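Notes follow once the structure below has been shown.
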Amino acid sequence: MRKKHAHEMASHIAPPYELPEQAVREFAQLFEQIYGISLDPDEAAFRARNFLNLYRAVLGDDGLARSINTIT
């Protein structure tokens with residue numbers, strides 16, 4: 001069996017989706033606070049989606065739903 005590349009695996013983790021603008025803005029603000037790097041909205045959305053896909057890969061969709069419910 002051939003090994004899958006990361007981009008092939010990531011495509012199966014979560015379907016394409018758009019994040020709310022507010023979530024992207026908050027991600028960009030946190031990123032700038034932590035790393036001192038300002039992100040434009042497209043880059044912030046890209047990095048936020050990647051972060052969520054990593055989270056899902058580690059904890060699964062159930063882990064994401066549980067953590068979102070504890071925040072709200």
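A few remarks follow.
- Remark: the Ala57-Asp42 segment gains 3.1 nm on full extension, using 0.36 nm per residue and subtracting the alpha carbon distance.
- Heavy-atom accessible area order for Tyr35, Tyr55, largest first, 1.4 Å probe: Tyr35, Tyr55
- Per-residue extension of 0.36 nm, minus the Cα-Cα distance of Tyr35 and Glu18, leaves a gain of 3.7 nm for this segment.
The values are calculated or read from the model by the stated rules, or taken from the named source; none is laboratory data. As the structure is a computational prediction, the values presented were derived from the model and not from experiment. Protein only, heavy atoms only, side chains kept; ligands, DNA and RNA dropped before computing areas. Shrake-Rupley method; radii C 1.70, N 1.55, O 1.52, S 1.80 Å.
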